[in-house]
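*Asks:* Have a look at this one before I ask anything.
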Amino acid sequence: QVQLVESGGGLVQAGGSLRLSCAVSGLPFSDYGMAWFRQAPGKEREFVSGISWRGGRTSADSVKGRFVISRDNAKNTVIPQMNSLKPEDTAVYYCAARIGVPTMDRRDFNSWGQGTQVTVSS
């Protein structure tokens, strides 16, 4: 049974930082590309950042220079460090997995976590 469990969300002031985590089980982690998406109220789910097994990274333009994604292949976890947070970063953040290289299209991912709320106050 595939499980992706996010944690680390919460309320933070603008300019602050949060460190999310996604614990993955039930799949061969080394075969999977991992990504984070987010969904704000009334908006579509959008790509935030992704990382391949070998550590190749991609990020949305809106978070470049502020968010850094990493993965611990020994612990089957994916960790986005989010810095310089803005009110527009407020959303539910989802961890996602797909075989191979991560893409920026949510339709390419078939395994998802339940999401964790991030709220940035101004």
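The values are calculated or read from the model by the stated rules, or taken from the named source; none is laboratory data. In this text, all values refer to a predicted model and were calculated from it rather than measured experimentally. Positions of Cβ are backbone-derived with ideal geometry, glycine not excepted, and every protein chain shown enters the neighbour counts. Just the protein is used for accessible areas: all its heavy atoms, side chains included, with ligands, DNA and RNA removed. Shrake-Rupley method; radii C 1.70, N 1.55, O 1.52, S 1.80 Å.
*Asks:* List pairs: first residue in the stretch 1-23 and more than 20 Å from residue 87 (Cα to Cα) and polar (S, T, N, Q), second residue open to solvent by less than 50 Å² (accessible area, probe 1.4 Å) and part of a loop (DSSP other than H, G, I, E, B) anywhere in the structure, Cβ distance under 7 angstrom, at least six positions apart or on different chains.
*Replies:* Pairs found: 21/8.
*Asks:* If you don't mind, there's one more thing I want to ask. Out of all the residues in the stretch 1-19, which are under 15 Å from residue 112 (Cα atoms) and within 12 Å of the chain's Cα centre (by Cα)?
*Replies:* First, the residues of the stretch 1-19 that are under 15 Å from residue 112 (Cα atoms): 1-7.
Within the stretch 1-19, 4, 5, 6, 7 meet the criteria.
*Asks:* Can you work out which of the residues in the stretch 68-122 that are of a type in the set (D, E, K, R) and assigned to a helix (DSSP H, G or I) is surrounded by the fewest Cβ atoms within 10 Å (Cβ to Cβ)? Can you show your working first?
*Replies:* Residues of the stretch 68-122 that are of a type in the set (D, E, K, R), as a first pass: 71-72, 75, 86, 88-89, 98, 105-108.
If we keep only those that are assigned to a helix (DSSP H, G or I) too, we end up with 88-89, 106-108.
Working: 88: 11, 89: 22, 106: 17, 107: 7, 108: 15.
My answer is 107.
*Asks:* Based on this model, can you work out whether residue 63 counts as under 12 Å from residue 95 (Cβ atoms) and buried (at least 16 other Cβ atoms within 10 Å of the Cβ)? Show your work before the answer.
*Replies:* Working: under 12 Å from residue 95 (Cβ atoms): no; buried (at least 16 other Cβ atoms within 10 Å of the Cβ): yes.
So residue 63 fails the test.
*Asks:* Turning to a different aspect of this structure: May I ask you to list the residues in the stretch 29-55 that are of a type outside the set (Asp, Glu), touching a strand residue (DSSP E or B) at 6+ places or on another chain (Cβ under 9 Å), under 16 Å from residue 98 (Cα atoms) and open to solvent by 60 Å² or more (accessible area, probe 1.4 Å)?
*Replies:* 53
*Asks:* Restricting to the stretch 10-28, and then to whatever is open to solvent by less than 40 Å² (accessible area, probe 1.4 Å) and not hydrophobic (A, V, I, L, M, F, W, C), can you tell me which residue is farthest from residue 98 (Cα to Cα)?
*Replies:* Of the stretch 10-28, the ones open to solvent by less than 40 Å² (accessible area, probe 1.4 Å) are 10, 12, 16, 18, 20-22, 24, 27.
Then keep just the ones that are not hydrophobic (A, V, I, L, M, F, W, C); that gives 10, 16, 21.
Values: 10: 26, 16: 31, 21: 17 Å.
Going through the qualifying residues, I end up with 16.
*Asks:* Here's a follow-up. Please state which of the following conditions residue 74 fails to meet, knowing it meets all the rest: (1) in contact (Cβ under 8 Å) with a residue 60 or more places away in the chain; (2) more than 16 Å from residue 56 (Cβ to Cβ).
*Replies:* (1)
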